[in-house]
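> One structure, as structure tokens, below. Some questions next.
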Amino acid sequence: MTKNKAFDRAVEDISEVFMFDHWMRFYFVFEEGKKLTIKIPDEVGEQVEKEYPALKSLLDLFNNEEIDQQKSMNNVCSFIGARFDGTKYSPKIVPKVFDSKSFKLEMYLFNLWIKGHETYLESAVMSFTDWKELYAGWREQEEVKNYIERLSNAGSGAHIQPPTCTTIQ
């Protein structure tokens, strides 16, 4: 039982890192010539440091740096490796998280939420805490819970229609 709790916490922790990365790139990527650069205002960095001190070092890794998909993935993976693999969790857990159905489902749902709420999310720069609260609220909607349950019970290759709820959470 303890092993599953540690695994579930690892899924949550690692998912949070990917969500945080997405949040940074969603609001703070700026085009300079042909380069994309992440520029996070000091007050946002200070807020992150207060609310998510562990994620502040990831923010620092990205801030004022040129970014592309590969560099973003490398930064996130090295951050996860340094922060969780063999330190917070046993060396066997983190690789299993990446291959797990629960992690893949979480990332799928998060991306589905972003796509469904993109216009709303673009309406103002929101804090990472706001994103987490909105996403958690969306996940608690009955239609979404039913969808998650159908996805969790589906065999591989099943095609299940995403929820069509339009309520902003």
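> Considering (1) at pLDDT 85 or above; (2) in a loop (DSSP other than H, G, I, E, B); (3) surrounded by 12 or more Cβ atoms within 10 Å (Cβ to Cβ), say which one ILE168 fails and leave the rest.
(1)
> Take segment 40-55 and flag every residue that is open to solvent by 80 Å² or more (accessible area, probe 1.4 Å) and either in contact with a strand residue (DSSP E or B) (Cβ under 9 Å, 6 or more places away or on another chain) or over 16 Å from VAL125 (Cα atoms) (or both). Give the steps one after another, and end with the answer.
Our first condition is that a residue be open to solvent by 80 Å² or more (accessible area, probe 1.4 Å); within segment 40-55, this holds for 42-43, 46, 49-51, 53.
Within segment 40-55, GLU49, LYS50, GLU51, PRO53 meet the criteria.
> Could you give every pair whose Cβ atoms fall below 6 Å, whose first residue belongs to segment 38-49 and is touching a residue at least 40 places away in the same chain (Cβ under 8 Å), and whose second residue is open to solvent by 10 Å² or more (accessible area, probe 1.4 Å), counting only separations of at least 6 or pairs across chains?
VAL48/LYS56
> I've got another one for you. Spot the failing condition for VAL97; the list is (1) within 24 Å of VAL125 (Cα to Cα); (2) in contact with a strand residue (DSSP E or B) (Cβ under 9 Å, 6 or more places away or on another chain); (3) aliphatic (A, V, I, L, M), and only one is missed.
(1)
> Further question: Being closer than 16 Å to ASP8 by Cα, of a type outside the set (Asp, Glu) and assigned to a helix (DSSP H, G or I) is the requirement here; does VAL94 meet it?
Working: closer than 16 Å to ASP8 by Cα: yes; of a type outside the set (Asp, Glu): yes; assigned to a helix (DSSP H, G or I): yes.
In short, yes.
> So if I check each of LEU58, LEU112, LEU105, which one is assigned to a helix (DSSP H, G or I) and surrounded by 18 or more Cβ atoms within 10 Å (Cβ to Cβ)?
Working: LEU112 fails: surrounded by 18 or more Cβ atoms within 10 Å (Cβ to Cβ); LEU105 fails: surrounded by 18 or more Cβ atoms within 10 Å (Cβ to Cβ).
Result: LEU58 is the single residue among LEU58, LEU112, LEU105 that is assigned to a helix (DSSP H, G or I) and surrounded by 18 or more Cβ atoms within 10 Å (Cβ to Cβ).
> Suppose the filter is open to solvent by less than 70 Å² (accessible area, probe 1.4 Å) and either in contact with a helix residue (DSSP H, G or I) (Cβ under 7 Å, 6 or more places away or on another chain) or in contact (Cβ under 8 Å) with a residue 60 or more places away in the chain (or both); does PHE18 pass it?
yes
The values are calculated or read from the model by the stated rules, or taken from the named source; none is laboratory data. This structure is a prediction, so every number in the text was calculated from the model and none was measured. In this analysis, Cβ positions are derived from the backbone assuming ideal geometry, glycine residues included, and neighbour counts consider all displayed protein chains. We work out accessible area using only protein heavy atoms, side chains counted, and drop any ligands, DNA or RNA first. Shrake-Rupley method; radii C 1.70, N 1.55, O 1.52, S 1.80 Å.
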